[in-house]
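Report on the structure given below.
The values are calculated or read from the model by the stated rules, or taken from the named source; none is laboratory data. In this text, all values refer to a predicted model and were calculated from it rather than measured experimentally. Backbone-built Cβ (ideal geometry, glycine too); neighbour counts: all protein chains shown.
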Amino acid sequence: MGEAWDRLWTPHRMKYLRGESKPKHTDAGADCPFCVAPDLGPDEGLVVARGTLVYAVLNLYPYNSGHLMICPYRHVADYTELSNEEIIELGQFTQQAMTTLRTVSNAHGFNIGMNQGSSAGAGIAGHLHQHVVPRWGGDTNFLPIIGGTKTISQLLDDTRQLLADSWPTS
(Lines give C-alpha, C1' and ligand atoms only; values in the text may rest on other atoms or scores of the structure.)
Protein backbone atom coordinates (compact mmCIF):
# COMPACT_ATOMS: atom_id res chain seq x y z
CA MET A 1 0.00 0.00 0.00
CA GLY A 2 1.36 3.43 -0.91
CA GLU A 3 2.03 5.94 1.84
CA ALA A 4 -0.80 8.20 0.63
CA TRP A 5 -3.26 5.42 1.58
CA ASP A 6 -1.77 4.71 5.02
CA ARG A 7 -3.61 7.34 7.08
CA LEU A 8 -7.09 8.74 7.47
CA TRP A 9 -7.29 12.50 8.01
CA THR A 10 -10.77 13.15 9.37
CA PRO A 11 -11.11 16.39 11.33
CA HIS A 12 -14.40 16.92 9.47
CA ARG A 13 -15.74 13.78 11.18
CA MET A 14 -16.53 15.82 14.30
CA LYS A 15 -19.70 17.12 12.56
CA TYR A 16 -20.83 13.52 12.10
CA LEU A 17 -19.95 12.52 15.65
CA ARG A 18 -21.94 15.47 16.98
CA GLY A 19 -24.88 14.57 14.71
CA GLU A 20 -24.73 17.96 12.96
CA SER A 21 -24.82 16.60 9.42
CA LYS A 22 -27.41 13.84 9.84
CA PRO A 23 -30.74 14.22 8.05
CA LYS A 24 -33.67 15.21 10.27
CA HIS A 25 -36.05 12.87 8.39
CA THR A 26 -35.92 9.99 5.90
CA ASP A 27 -37.72 11.74 3.03
CA ALA A 28 -36.17 12.59 -0.32
CA GLY A 29 -34.95 16.11 -0.94
CA ALA A 30 -32.52 18.69 0.38
CA ASP A 31 -32.16 16.96 3.77
CA CYS A 32 -30.85 13.75 2.14
CA PRO A 33 -27.14 13.95 1.28
CA PHE A 34 -27.49 11.18 -1.31
CA CYS A 35 -30.23 13.09 -3.14
CA VAL A 36 -28.15 16.29 -3.07
CA ALA A 37 -24.62 14.98 -3.86
CA PRO A 38 -25.14 14.37 -7.61
CA ASP A 39 -26.22 17.99 -8.10
CA LEU A 40 -23.18 19.46 -6.34
CA GLY A 41 -19.83 20.19 -7.95
CA PRO A 42 -17.31 17.31 -7.91
CA ASP A 43 -15.26 18.71 -5.02
CA GLU A 44 -18.28 19.42 -2.82
CA GLY A 45 -20.37 16.37 -3.74
CA LEU A 46 -17.38 13.96 -3.89
CA VAL A 47 -19.00 12.03 -6.77
CA VAL A 48 -16.40 9.82 -8.45
CA ALA A 49 -18.46 8.34 -11.29
CA ARG A 50 -22.00 8.60 -12.66
CA GLY A 51 -24.10 5.93 -14.27
CA THR A 52 -27.61 6.01 -15.63
CA LEU A 53 -29.32 4.80 -12.44
CA VAL A 54 -26.57 4.86 -9.78
CA TYR A 55 -23.44 6.81 -8.92
CA ALA A 56 -20.25 6.27 -6.90
CA VAL A 57 -19.40 8.78 -4.18
CA LEU A 58 -16.68 9.00 -1.55
CA ASN A 59 -17.85 8.52 2.00
CA LEU A 60 -17.47 11.87 3.78
CA TYR A 61 -16.77 9.91 6.99
CA PRO A 62 -14.65 7.00 5.66
CA TYR A 63 -13.56 3.86 7.48
CA ASN A 64 -10.50 3.66 5.19
CA SER A 65 -8.97 5.75 2.41
CA GLY A 66 -10.97 5.34 -0.77
CA HIS A 67 -14.16 4.27 1.04
CA LEU A 68 -16.81 4.54 -1.68
CA MET A 69 -20.57 4.22 -1.64
CA ILE A 70 -22.70 3.18 -4.58
CA CYS A 71 -26.07 4.98 -4.46
CA PRO A 72 -29.13 4.91 -6.66
CA TYR A 73 -30.18 8.36 -7.84
CA ARG A 74 -33.72 7.40 -6.85
CA HIS A 75 -34.51 7.88 -3.16
CA VAL A 76 -35.33 4.35 -1.92
CA ALA A 77 -34.65 2.95 1.54
CA ASP A 78 -34.69 -0.79 0.99
CA TYR A 79 -32.86 -3.12 -1.39
CA THR A 80 -36.16 -4.82 -2.23
CA GLU A 81 -37.42 -1.49 -3.65
CA LEU A 82 -34.73 -1.37 -6.37
CA SER A 83 -35.70 -2.20 -9.94
CA ASN A 84 -33.87 -5.02 -11.72
CA GLU A 85 -32.03 -2.40 -13.79
CA GLU A 86 -30.89 -0.57 -10.64
CA ILE A 87 -29.69 -3.84 -9.09
CA ILE A 88 -27.67 -4.66 -12.22
CA GLU A 89 -26.03 -1.22 -12.42
CA LEU A 90 -25.36 -1.19 -8.66
CA GLY A 91 -23.54 -4.53 -9.07
CA GLN A 92 -21.59 -3.28 -12.09
CA PHE A 93 -20.55 -0.12 -10.23
CA THR A 94 -19.47 -2.22 -7.25
CA GLN A 95 -17.24 -4.29 -9.55
CA GLN A 96 -15.82 -1.15 -11.17
CA ALA A 97 -15.20 0.42 -7.75
CA MET A 98 -13.15 -2.64 -6.77
CA THR A 99 -11.18 -2.58 -10.03
CA THR A 100 -10.49 1.16 -9.75
CA LEU A 101 -9.46 0.95 -6.10
CA ARG A 102 -7.10 -1.96 -6.86
CA THR A 103 -5.58 0.08 -9.69
CA VAL A 104 -4.98 3.28 -7.73
CA SER A 105 -4.32 1.92 -4.23
CA ASN A 106 -3.31 -1.73 -4.58
CA ALA A 107 -6.15 -2.76 -2.22
CA HIS A 108 -5.68 -6.32 -0.93
CA GLY A 109 -9.36 -6.90 -0.17
CA PHE A 110 -12.72 -5.23 0.40
CA ASN A 111 -15.61 -4.98 2.81
CA ILE A 112 -18.77 -4.61 0.74
CA GLY A 113 -22.27 -4.25 2.08
CA MET A 114 -25.23 -2.16 3.12
CA ASN A 115 -26.98 -1.56 6.40
CA GLN A 116 -30.73 -1.76 5.93
CA GLY A 117 -32.54 0.39 8.50
CA SER A 118 -31.27 2.43 11.42
CA SER A 119 -31.46 -0.57 13.75
CA ALA A 120 -29.00 -2.33 11.42
CA GLY A 121 -26.56 0.57 11.62
CA ALA A 122 -27.60 2.68 8.64
CA GLY A 123 -26.56 6.26 9.39
CA ILE A 124 -28.79 7.49 6.57
CA ALA A 125 -31.56 4.91 6.50
CA GLY A 126 -33.84 6.71 4.05
CA HIS A 127 -31.57 6.40 0.99
CA LEU A 128 -30.01 3.03 0.21
CA HIS A 129 -26.24 3.01 -0.30
CA GLN A 130 -23.73 0.19 -0.63
CA HIS A 131 -20.31 0.58 0.97
CA VAL A 132 -17.15 -0.48 -0.84
CA VAL A 133 -14.30 -0.25 1.68
CA PRO A 134 -10.77 -1.09 0.47
CA ARG A 135 -8.63 -3.10 2.91
CA TRP A 136 -4.94 -3.89 3.16
CA GLY A 137 -3.04 -6.46 5.19
CA GLY A 138 -2.16 -4.88 8.53
CA ASP A 139 -4.41 -1.82 8.03
CA THR A 140 -5.68 -2.15 11.59
CA ASN A 141 -3.33 -1.15 14.40
CA PHE A 142 -3.56 -0.10 18.04
CA LEU A 143 -4.95 3.38 17.28
CA PRO A 144 -8.46 2.30 16.18
CA ILE A 145 -8.55 -0.53 18.71
CA ILE A 146 -7.31 1.36 21.79
CA GLY A 147 -7.99 4.98 20.87
CA GLY A 148 -11.05 4.50 18.65
CA THR A 149 -9.32 6.71 16.07
CA LYS A 150 -7.79 6.25 12.64
CA THR A 151 -5.83 8.83 10.66
CA ILE A 152 -5.36 9.52 6.93
CA SER A 153 -3.01 11.94 5.21
CA GLN A 154 -4.85 12.24 1.89
CA LEU A 155 -7.57 14.85 1.50
CA LEU A 156 -10.96 13.64 0.26
CA ASP A 157 -10.76 15.99 -2.75
CA ASP A 158 -7.43 14.43 -3.78
CA THR A 159 -8.81 10.90 -3.32
CA ARG A 160 -11.93 11.78 -5.34
CA GLN A 161 -9.84 13.20 -8.20
CA LEU A 162 -7.53 10.17 -8.27
CA LEU A 163 -10.44 7.72 -8.41
CA ALA A 164 -12.47 9.79 -10.90
CA ASP A 165 -9.47 10.04 -13.24
CA SER A 166 -8.96 6.26 -13.07
CA TRP A 167 -12.64 5.28 -13.46
CA PRO A 168 -13.16 4.14 -17.06
CA THR A 169 -15.89 5.84 -19.06
CA SER A 170 -18.10 3.73 -21.24
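Filtered by the rule that a residue be β-branched (V, I, T) and part of a loop (DSSP other than H, G, I, E, B), the stretch 104-126 gives a lone residue, I124. Within the stretch 63-95, the set of residues being touching a Lys or Arg at 6+ places or on another chain (Cβ under 9 Å) and more than 18 Å from P38 (Cα to Cα) comprises Y63, N64, S65, E81, L82, S83. Only one of the listed residues (L163, L143, L101) is modelled with pLDDT under 85 and not in a loop (DSSP other than H, G, I, E, B). That residue is L143. Pairs meeting the criteria (first residue in the stretch 54-65 and in contact (Cβ under 8 Å) with a residue 24 or more places away in the chain and more than 14 Å from I124 (Cα to Cα), second residue of a type in the set (D, E) and assigned to a loop (DSSP other than H, G, I, E, B), beta carbons under 9 Å, at least 6 apart or on different chains) are N64/D139; S65/D6. Candidates V76, V54: the one that is more than 19 Å from W167 (Cβ to Cβ), modelled with pLDDT of 95 or more, among the aliphatic types (A, V, I, L, M) and touching a Leu at 6+ places or on another chain (Cβ under 9 Å) is V76. Can you tell me which of (1) under 13 Å from the mean Cα position of the chain (by Cα); (2) crowded, with 17+ Cβ neighbours inside 10 Å; (3) at pLDDT below 90 is the one G123 doesn't meet? Failed condition: (2). Here Q130 meets each of (1) under 16 Å from L163 (Cα atoms); (2) polar (S, T, N, Q); (3) in contact with a helix residue (DSSP H, G or I) (Cβ under 8 Å, 6 or more places away or on another chain) with one exception, condition (1). Taken together, the residues in the stretch 56-98 that are assigned to a strand (DSSP E or B) and of a type in the set (D, E) amount to 0.
Condition check: surrounded by 15 or more Cβ atoms within 10 Å (Cβ to Cβ), assigned to a helix (DSSP H, G or I) and of a type outside the set (S, T, Y). Does A37 satisfy that? For A37, the condition - surrounded by 15 or more Cβ atoms within 10 Å (Cβ to Cβ), assigned to a helix (DSSP H, G or I) and of a type outside the set (S, T, Y) - is met.
Name the pairs: first residue in the stretch 89-113 and in contact (Cβ under 8 Å) with a residue 24 or more places away in the chain and closer than 18 Å to P62 by Cα, second residue of a type in the set (S, T, N, Q) and outside any helix (DSSP H, G or I), Cβ to Cβ under 8 Å, at least 6 apart or on different chains? Short answer, once both residue conditions are applied: T94/Q130; S105/S65.
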